[in-house]
Amino acid sequence: MKCPPISKELIDYLEATVPERCPSITMSEREIWIYVGTRKLVRGLIEQFRNQQDNILEEPVNVLLSTKH
């Protein structure tokens, strides 16, 4: 399945709301694992965004050409 386009705005939002960080001493083991899973998803979306940016010129573009008479 092809991934839909991911915007820079989405990446910026995710980086701000789920930043890379070390777990705090007050976090439970469950909280740590939830954070790790969430951050793994964010890292995957960032990687997909980078792949889309690297391949932006290789994607087929549908352009409608109109001729004026």
Exercise. Within region 53-66, identify whether any single residue is at pLDDT below 95, surrounded by fewer than 10 Cβ atoms within 10 Å (Cβ to Cβ) and in a helix (DSSP H, G or I), and answer yes or no.
Key: yes
Quiz item: Counting only residues that are under 21 Å from Asn51 (Cα atoms) and either among the hydroxyl-bearing types (Ser, Thr, Tyr) or open to solvent by less than 50 Å² (accessible area, probe 1.4 Å) (or both), how many does region 4-17 have?
Solution: 5
Quiz item: Name the pairs whose Cβ atoms lie under 9 Å apart, with the first residue in region 32-46 and β-branched (Val, Ile, Thr), the second open to solvent by less than 40 Å² (accessible area, probe 1.4 Å) and part of a helix (DSSP H, G or I), and 6 or more positions between them or separate chains?
Solution: Val42/Ile11; Val42/Leu14; Ile46/Ile11; Ile46/Leu14
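The values are calculated or read from the model by the stated rules, or taken from the named source; none is laboratory data. This is a predicted model, so every value here is computed, not measured. We place every Cβ from the backbone using ideal geometry, glycine too, and count neighbours over all the protein chains shown. Surface accessibility is based on the protein's heavy atoms, side chains included, excluding ligands, DNA and RNA. Shrake-Rupley method; radii C 1.70, N 1.55, O 1.52, S 1.80 Å.
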